[in-house]
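Written below as structure tokens is the structure these notes are about.
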Amino acid sequence: MTQINVRVDGVTYTDDVEPRTLLVHYLREQLGKVGTVVGCDTSNCGACTVHLDGAAVKSCTVLAVQADGGEVTTIEGLAPEGGGLHPMQKAFHEMHGLQCGFCTPGMIMASVDLLKENPDPSETEVREGIEGNLCRCTGYQNIVRAVQQAAGEMRGSGNGHASPAEVDTAAAPHVAGAQQ
Amino acid sequence: MIPAAFAYARPSTVDEALQAIAEGGDDVKIMAGGQSLIPVMRLRLAAPETVVDLTRVAELRGVRDDGDAIVIGAMTTHHDVMTDPLVLQHAPLIAEATETVADRQVRARGTFGGALAHADPAGDLPAVALALDADFVIAGLGGRRTVPASEFFVDYLTTALEEGELLVEIRVPKLAGEWGMRYEKFNRVAQAWSIVAVAAVVRREDGHIAEARIGLTNMGATPLRASAVEAALAGAQASPETIAEAARSAAEGTAPSSDLNAQADYREHLVQVLTRRAVTAAAGL
Ligand SMILES: Cc1cc2nc3c(=O)[nH]c(=O)nc-3n(C[C@H](O)[C@H](O)[C@H](O)COP(=O)(O)OP(=O)(O)OC[C@H]3O[C@@H](n4cnc5c(N)ncnc54)[C@H](O)[C@@H]3O)c2cc1C
Ligand code: FES
Ligand code: FES
């Protein structure tokens with residue numbers, strides 16, 4: 001066992017971990033931060049993305065001991081203190097950037113990291129910026145819109161490049177019809 | 001899965017690291033960014049007795065100017081290499097190829113030295129180091145030695161690094177004259193490894209190609225130089241026709257594998273196409 005000191009979502013923890021413990025397992029099983037999920041065994045899917053010392057990383061591909069002395073932000077610590085959603089969370093909600101939601105925590109953490117480097121990304125830049133995150137449901141279209149909407153809001157200039165999710169409005173009457 | 005148990009050492013200097021490697025038992029693994037090693041350990045394809053983590057060895061990070069070369073510390077992350085002003089000025093080929101490696105999360109932790117020491121035939125940086133005639137500085141308990149790129153890559157996932165040794169830094173010579181560079185990578189989907197890629201470095205002189213250096217990714221167990229193309233281009237006129245003609249010999253002397261992504265004959269075709277594109281762009285046409 002190795003002792004680590006780590007700040008996670010604003011709280012400092014001192015814990016004993018086995019060196020082989022992956023950061024994602026430490027977060028989920030020792031701290032109960034189950035908002036961060038595991039979606040693959042190959043470091044491909046990005047579902048486990050968190051920020052370690054300010055950069056997005058795949059927490060399944062980092063050892064917990066490597067976070068010693070560091071600062072981790074998970075999806076659970078992203079929203080501002082005192083309630084409400086982070087603009088990226090809000091944009092995913094509004095633009096329908098998810099279906100099953102499994103990829104969403106990682107998508108959001110990777111997207112926030114992207115905007116730190118590029119506050120006004122083009123559609124291509126968003127697609128390339130989140131290439132490390134796989135979504136099996138949405139086809140990415142509304143995820144890209146959500147990231148651009150959040151970018152606009154975070155720059156303080158309204159909706160950015162994004163227009164409301166067309167898929168949503170097109171599907172609405174159809175769904176309503178089926179329910180009648 | 002979770003890796004098998006191991007003893008963990010976290011040195012903060014190169015000397016401490018060499019000591020930890022020497023004392024770590026029969027099966028010691030050096031960990032740089034862990035972006036290749038942790039996946040392999042998770043699948044239990046590797047189960048080292050001791051892991052020596054270089055993350056805190058500060059002297060291995062960063063890029064510095066050393067007169068006739070830039071020197072890249074082995075632990076400099078892909079992200080930091082890509083955005084480094086010295087790299088962008090003297091070896092933009094490295095930045096261009098590094099941008100195509102994996103994704104932003106992997107690039108935040110994976111390192112230049114780790115990717116070279118790993119020596120995956122599909123890895124993008126070995127062929128780039130070969131095309132730039134880089135030198136590899138290796139430390140052992142007995143001192144340091146320098147190995148040229150042409151001798152560093154020995155076989156599939158095998159380099160000139162001996163047991164107990166550490167890759168410390170990579171010296172990339174500054175190029176004099178008018179040089180153009182291009183990395184052409186062909187892969188199937190985002191975040192995927194190269195099926196084939198070509199690194200071209202071309203020196204132009206009065207409308208001619210004075211010298212061309214061409215590194216090939218994934219055309220054999222190690223990165224290769226396209227020597228026949230280089231010979232055909234030396235002193236040739238910089239025209240699309242000459243380049244296209246020379247690129248036809250790009251597969252000469254290669255031994256690509258057949259796998260899930262492509263058959264060997266497909267790779268032999270692809271390397272000619274990518275060589276033509278890379279040299280054309282590097283020649284400024
Ligand atoms: C999803 C994904 C996609 C990827 N796609 C690509 C891609 O498209 N192209 C590409 O080139 N790479 C790709 N990679 C690999 C990536 O570039 C890794 O960063 C790199 O291969 C290993 O670097 P590392 O620093 O993480 O090394 P580690 O994983 O820590 O180490 C790799 C190996 O090198 C040895 N080693 C490391 N540093 C040293 C040293 N200083 N001295 C001696 N031995 C050392 C280790 O013992 C180990 O055997 C991908 C990785 C992932 C997870
Ligand atoms: S769980 Fe898939 S990349 Fe980490
Ligand atoms: S919403 Fe289901 S995987 Fe993305």
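The values are calculated or read from the model by the stated rules, or taken from the named source; none is laboratory data. Note that the structure is predicted; figures quoted are calculated from it, not measured. A quick note on method: Cβ atoms are made from the backbone with ideal geometry, for glycine too, and the neighbour counts reach across all protein chains shown. Keep in mind that these areas ignore ligands, DNA and RNA; they rest on the heavy atoms of the full protein, side chains included. Shrake-Rupley method; radii C 1.70, N 1.55, O 1.52, S 1.80 Å.
Filter the stretch A:35-48 down to the residues that are more than 10 Å from chain B (Cβ to nearest Cβ), within 16 Å of ligand 1 (Cβ to nearest atom) and within 13 Å of residue A:25 (Cβ to Cβ) and list them by number.
Scanning the stretch A:35-48 gives a single hit, A:38.
Of all the residues that make up the stretch A:79-119, how many are touching a His at 6+ places or on another chain (Cβ under 8 Å), open to solvent by 60 Å² or more (accessible area, probe 1.4 Å) and at pLDDT 95 or above?
Selection size over the stretch A:79-119: 1.
Could you list, in sequence order, all residues of the stretch A:120-135 that are within 15 Å of the chain's Cα centre (by Cα) and surrounded by fewer than 17 Cβ atoms within 10 Å (Cβ to Cβ)?
Of everything in the stretch A:120-135, just one residue is within 15 Å of the chain's Cα centre (by Cα) and surrounded by fewer than 17 Cβ atoms within 10 Å (Cβ to Cβ), namely A:127.
Out of B:72, B:94, which single residue is assigned to a strand (DSSP E or B), surrounded by 23 or more Cβ atoms within 10 Å (Cβ to Cβ) and within 17 Å of the chain's Cα centre (by Cα)?
Only one candidate qualifies: B:72.
Within the stretch A:49-163, which strands (runs of 3 or more DSSP E) (wholly inside it) include 1 or more residues that are away from ligand 1 (no atom under 16 Å from the Cβ) and among the acidic types (Asp, Glu)?
Here the list reads A:71-73.
I'd like to know if the stretch B:52-60 contains one or more residues that are of a type in the set (Gly, Ala, Ser), outside any helix (DSSP H, G or I) and within 14 Å of chain A (Cβ to nearest Cβ).
No: the stretch B:52-60 contains no residue that is of a type in the set (Gly, Ala, Ser), outside any helix (DSSP H, G or I) and within 14 Å of chain A (Cβ to nearest Cβ).
Only one of (1) surrounded by 20 or more Cβ atoms within 10 Å (Cβ to Cβ); (2) within 15 Å of ligand 3 (Cβ to nearest atom) fails for residue A:40. Which number is that?
Single failed check for residue A:40: (1).
Criterion first (open to solvent by less than 10 Å² (accessible area, probe 1.4 Å), within 14 Å of chain A (Cβ to nearest Cβ) and more than 16 Å from ligand 3 (Cβ to nearest atom)) does residue B:111 satisfy it?
It is true that residue B:111 is open to solvent by less than 10 Å² (accessible area, probe 1.4 Å), within 14 Å of chain A (Cβ to nearest Cβ) and more than 16 Å from ligand 3 (Cβ to nearest atom).
Please specify each residue of the stretch B:24-64 satisfying the condition of being open to solvent by 20 Å² or more (accessible area, probe 1.4 Å), in contact (Cβ under 8 Å) with a residue 24 or more places away in the chain and of a type in the set (Asp, Glu).
Within the stretch B:24-64, B:49, B:59 meet the criteria.
Hey, among B:130, B:116, which residue is more than 26 Å from residue A:46 (Cβ to Cβ) and in contact (Cβ under 8 Å) with a residue 12 or more places away in the chain?
After applying the criteria, what remains is B:130.
Within the stretch B:161-173, can one find any residue that is touching a strand residue (DSSP E or B) at 6+ places or on another chain (Cβ under 8 Å), open to solvent by 10 Å² or more (accessible area, probe 1.4 Å) and on the phi > 0 side of the Ramachandran plot?
Within the stretch B:161-173, one or more residues are touching a strand residue (DSSP E or B) at 6+ places or on another chain (Cβ under 8 Å), open to solvent by 10 Å² or more (accessible area, probe 1.4 Å) and on the phi > 0 side of the Ramachandran plot.
Which residue out of B:199, B:190 is touching a Lys or Arg at 6+ places or on another chain (Cβ under 9 Å), part of a loop (DSSP other than H, G, I, E, B) and either assigned by TED's automatic domain parsing to the domain that holds residue B:229 or at positive phi (or both)?
Criteria check complete, one pass: B:190.
Restricting attention to the stretch A:16-29, report how many residues are surrounded by 16 or more Cβ atoms within 10 Å (Cβ to Cβ) and more than 14 Å from ligand 2 (Cβ to nearest atom).
5
Which of (1) part of a loop (DSSP other than H, G, I, E, B); (2) open to solvent by 60 Å² or more (accessible area, probe 1.4 Å); (3) at pLDDT 95 or above does residue B:254 not meet, given it meets every other one?
Answer for residue B:254: the failing condition is (2).
Here is a check on your reading of the model: is residue B:228 out of contact with any His (no Cβ under 8 Å at 6 or more places or on another chain) and surrounded by 15 or more Cβ atoms within 10 Å (Cβ to Cβ)?
It is true that residue B:228 is out of contact with any His (no Cβ under 8 Å at 6 or more places or on another chain) and surrounded by 15 or more Cβ atoms within 10 Å (Cβ to Cβ).
Does the stretch B:4-23 hold any residues that are open to solvent by 40 Å² or more (accessible area, probe 1.4 Å) and more than 9 Å from chain A (Cβ to nearest Cβ), and which are they?
B:12, B:13, B:15, B:16, B:19, B:22, B:23
Quick one: which residue in B:250, B:234, B:221 is under 20 Å from residue B:183 (Cβ atoms) and of a type in the set (Gly, Ala, Ser)?
B:250 is the lone residue from the list that is under 20 Å from residue B:183 (Cβ atoms) and of a type in the set (Gly, Ala, Ser).
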